[in-house]
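Data block below; observations after.
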Amino acid sequence: MDRTYSLKIIAQNGDSAVFPLQLIKEDNGGYFLHGPGGDLGAFDAAPFNAELWERDPVSPEAGDRLWGPNGILEIKGGIPILLGVEPNSVPEGSAQEIKITVRDGGRGKKVILQHGNQAHDIPTDTNKSLVRSEQTLNHQVFTFKLIDCAHAITPETYKLTFQNADRANSINSLVFDVKGWEYRVWISELKCIDESNPEWWGDDSVSFQTFINTDTFLQIPTSSKVYDGFHDGKRQTSFSSNDNHVYPYAKKPSGRRIIEGHLAINFAIYEHDDLGWLGSLINAVVNLVQSFLAHLVDAFTFGLGGYIILAGLEISGLNDMREQAVDSMVAGWEVEVLHQGSTALLPGTASVHEWPLEMGTSESRYKVTFKADRAMQT
């Protein structure tokens, strides 16, 4: 009785199938093994482990393994079909594993993420981005991480396709989203560490301005109202009309926006020279003294007393004080930049982040504390 032969196909997950084979003699005297036609078409077009067995029909349990156990049988044919991707969205910069399920994928080469003219190739045939591959008898699963890619993958909606080692692309594509963190930034505290000199002159009255930009976004500078009463140790933690919300817009404190590359925050504190009641008092006293002395000196200087007094006030510096007070009451505040500074926020910052920016000179010093939070794009 003739011996029988069988081919055992073994998937990576341990599933297997056995095919009986016939030994056929050719006209030239040679032999070849022939399997049942069409049965292999039910399996994935991919490489499998395989074993070839020869069995004695009298004692089938005493068969001999002629080939294997590490033999490779590669089933060819078919076009790659993407069956699914899980998950179908991940946060930017995430180390989360992504799994794609492919039928008839053959030997994997790469996953392609495309958005317009922007394309990212993620190799599935190297250990750089491929975490692992899994195989059943009818599909393969490739697992990878975006964080291992050569170039940063920015938040977009991508078209995901698969390509095998024969450079055959999948006949279909899947939608894959890279979600970005959206941020908002606000000022939680403005603190005067050392008010501007001369300190005896009165407290500082300040306003602040923020200028925001990222790699691709520029925000119109926003300016706050004027806050009075800043002296050493004074903290301002409550602000009017959302003055302290600096990104993305002071007018939309609950809004958030992604950060392209980095968020540069340029911050300036302005001092408003408002003398308040002291300015009014100085102005009144100076006017009274000037008028009295002018008339008094006129009697001795043939009407030139007013000019002499003006010259005296100019030399003494008292006139400057008077002019500053007049300006504050009539022409508005004199404004000058007290301090300037800058800081930056990078994507991936913790969900709640707080950081101080201290600025100043030997004459005065202020500290502004920023806070930021983030939420995933919806």
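The values are calculated or read from the model by the stated rules, or taken from the named source; none is laboratory data. Note that this is a predicted model, so its numbers are computed, not measured. Here the Cβ positions follow ideal geometry from the backbone for every residue, glycine too, while neighbour counts run over all protein chains shown.
All but one of (1) part of a strand (DSSP E or B); (2) modelled with pLDDT under 90; (3) of a type in the set (Ser, Thr, Tyr) hold for SER94; state the number of the condition that does not hold.
(1)
State which residue is nearest to ASN138 (Cα to Cα) when the search covers only the range 74-97 and only residues that are touching a residue at least 60 places away in the same chain (Cβ under 8 Å) and polar (S, T, N, Q).
For the range 74-97, the residue satisfying everything is ASN88.
Might you let me know whether the range 225-233 holds any residue that is of a type outside the set (S, T, N, Q) and under 19 Å from GLU182 (Cα atoms)? Working first, answer last.
Residues of the range 225-233 that are of a type outside the set (S, T, N, Q), as a first pass: 225-233.
Among the residues that remain, those that are also under 19 Å from GLU182 (Cα atoms) are: none.
No; the residues of the range 225-233 include none that is of a type outside the set (S, T, N, Q) and under 19 Å from GLU182 (Cα atoms).
With the requirement that a residue be within 20 Å of VAL246 (Cβ to Cβ) and not aliphatic (A, V, I, L, M), what does the range 361-378 give you?
TYR366, LYS367, THR369, PHE370, LYS371, ASP373, ARG374
Identify all residues within the range 244-263 that are at pLDDT below 85 and either more than 16 Å from TRP181 (Cα to Cα) or in contact with an Asp or Glu (Cβ under 8 Å, 6 or more places away or on another chain) (or both); write none if there are none.
Across the range 244-263, the qualifying residues are VAL246, TYR249, ALA250, LYS251, LYS252, PRO253, ARG256, ARG257, ILE258, GLU260, GLY261, HIS262.
Taking into account only those residues within the range 159-215 that are outside any loop (DSSP other than H, G, I, E, B) and out of contact with any strand residue (DSSP E or B) (no Cβ under 7 Å at 6 or more places or on another chain), which is surrounded by the fewest Cβ atoms within 10 Å (Cβ to Cβ)?
Restricting to residues being outside any loop (DSSP other than H, G, I, E, B) and out of contact with any strand residue (DSSP E or B) (no Cβ under 7 Å at 6 or more places or on another chain), the top hit is TRP200.
Just to be sure before I move on: is VAL131 closer than 28 Å to THR349 by Cα and modelled with pLDDT under 85 in the structure I sent?
yes
Which ones in the range 216-226 are in a loop (DSSP other than H, G, I, E, B), modelled with pLDDT of 75 or more and surrounded by 14 or more Cβ atoms within 10 Å (Cβ to Cβ)? Let's see the steps before the verdict.
If we filter the range 216-226 for residues that are in a loop (DSSP other than H, G, I, E, B), which is where we start, we get 216-217, 224-226.
Imposing the further condition that a residue be modelled with pLDDT of 75 or more reduces the set to 224-226.
Scanning the range 216-226 gives SER224, VAL226.
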